[in-house]
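Take a look at the structure set out below.
The values are calculated or read from the model by the stated rules, or taken from the named source; none is laboratory data. Keep in mind the model is a prediction, meaning the values are calculated, not measured. With ideal geometry, Cβ positions are generated from the backbone for all residues, glycine too; neighbour counts draw on all protein chains shown. SASA here: full protein model, heavy atoms, side chains in, ligands and nucleic acids out. Shrake-Rupley method; radii C 1.70, N 1.55, O 1.52, S 1.80 Å.
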Amino acid sequence: MASPGAVLDIDRLARDIRAGDRAVLSRAITLIESKRADHRRAAAALTQTLLAATGKAVRVGITGAPGVGKSTTIDVLGTMLTAQGRKVAVLAVDPSSRRTGGSILADKTRMAHLANDANAFIRPSPASGTLGGVAAKTRETMLLCEAAGYDVVLVETVGVGQSEIAVADMTDFFLVLMLPGAGDELQGLKKGVVELADMIAINKADGDNIARAKAAAAEYRAALHILTPRSPNWSVPVVTYSALTGDGIAALWAHVLDHRARLVASGELAARRGEQQVKWMWTMLEERLFAPLRSDRAIKAALSRIEAEVAAGRLSPNAAVEQIADMLGR
Ligand SMILES: Nc1nc2c(ncn2[C@@H]2O[C@H](COP(=O)(O)OP(=O)(O)OP(=O)(O)O)[C@@H](O)[C@H]2O)c(=O)[nH]1
Ligand SMILES: [Mg+2]
């Protein structure tokens, strides 16, 4: 695949992906994650070739604080879905260095059932890069998985930074997981994230936690009333469940399907996806145009000098932009 002639194999690669060959799918994702210019062109040709075979999955984003139970939930939910005959792909967006080899391993053990399920495919977050870059790779990976016949794509992201927005922008349904225990949690409720939510689900509603989970749900319901709904066709449910016992998992998925039916019927799903595609194009273009600013040593050095000049008031911002644009040959 590294050879320049690999470009000629795009049709074959596409065919093997569509046939559901997991090894080829994995290799194609590696191609997509590559920073080499020839790989990037091959990846673009591949996604274009596969475009008609993409877009058919139910795309669900899942977020929540560390330890809320995202991986456990995905394991249980995914296993339920493969038992129903679905093919489930699990992807992650995490541009932070938090995600070390160890935590990926931990994830695989947290998703022990899915990790050994022939109808599930788990791909960790691309190792490094800007959020825009990582998210772009995850989106392209999602398309490949769809072309390979995965009809449910679950995208996990930890509830820190801007990664939730990136995941909400690539999925149809954004699920925000919370813990039982009201009051304190509500204080820390990140309004921005809740505004993106298509559902709030309070996990760990088991054992002694059941009453506290119900109380938390009531508080979240009340809190949601003061927010403007994300969609005119959907009011955001607040549910409780337990990934440990499986209680409430089926109901959780029923909401996802209900949401989908409503958004398809109203045309909102198609509109949302169209907007996402365009936004995605602009994000990737921005990434591409800014790449030399991040990677070219000489430019980076010049930039910090220019920045210091601007900060010190010796260079006007617009003169600085002229200098930078000249450097980039624009
Ligand atoms: N009691 C109870 N424990 C749970 C439940 N779901 C998950 N846990 C436990 O919570 C801990 C964290 O679960 P994970 O699934 O790894 O959480 P996560 O959100 O993926 O965590 P990060 O990937 O580190 O952000 C584990 O010890 C799980 O066994 C649940 O429904 N009930
Ligand atoms: Mg996890």
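Report, ordered by the first and then the second residue, all pairs with beta carbons closer than 8 Å, sequence separation of six or more or different chains, a first member in the range 208-227 that is acidic (D, E), and a second member that is open to solvent by less than 70 Å² (accessible area, probe 1.4 Å).
E219/A182; E219/G183; E219/L186
Closer than 21 Å to R40 by Cβ, open to solvent by 70 Å² or more (accessible area, probe 1.4 Å) and part of a helix (DSSP H, G or I): is that true of R305 in this structure?
It is false that R305 is closer than 21 Å to R40 by Cβ, open to solvent by 70 Å² or more (accessible area, probe 1.4 Å) and part of a helix (DSSP H, G or I).
Go through the range 187-207 and count every residue that is open to solvent by 40 Å² or more (accessible area, probe 1.4 Å), charged (D, E, K, R) and either at pLDDT below 80 or not in a helix (DSSP H, G or I) (or both).
Adding up the residues that qualify gives 3.
Could you check how many residues of the range 171-186 are at pLDDT below 95 and farther than 17 Å from T73 by Cα?
Qualifying residue count, the range 171-186: 6.
Could you list all residues from the range 267-293 that are without any contact (Cβ under 8 Å) to a residue 60 or more places away in the chain, open to solvent by 60 Å² or more (accessible area, probe 1.4 Å) and not hydrophobic (A, V, I, L, M, F, W, C)?
E275, Q277, R288
Do any helices (runs of 4 or more DSSP H) lying entirely in the range 53-148 carry at least 1 residues that are surrounded by 24 or more Cβ atoms within 10 Å (Cβ to Cβ) and either among the small types (G, A, S) or at pLDDT 90 or above (or both), and which ones are they?
Qualifying helices (runs of 4 or more DSSP H): 70-83, 112-115, 131-147.
For the range 237-259, how many residues are crowded, with 17+ Cβ neighbours inside 10 Å, away from ligand 1 (no atom under 16 Å from the Cβ) and in contact (Cβ under 8 Å) with a residue 40 or more places away in the chain?
Within the range 237-259, residues that are crowded, with 17+ Cβ neighbours inside 10 Å, away from ligand 1 (no atom under 16 Å from the Cβ) and in contact (Cβ under 8 Å) with a residue 40 or more places away in the chain number 3.
May I ask you to list the residues in the range 36-87 that are hydrophobic (A, V, I, L, M, F, W, C), touching a residue at least 12 places away in the same chain (Cβ under 8 Å) and more than 16 Å from ligand 2 (Cβ to nearest atom)?
A42, A43, A45, L46, L50, L51, A53, A57, V58, M80, L81
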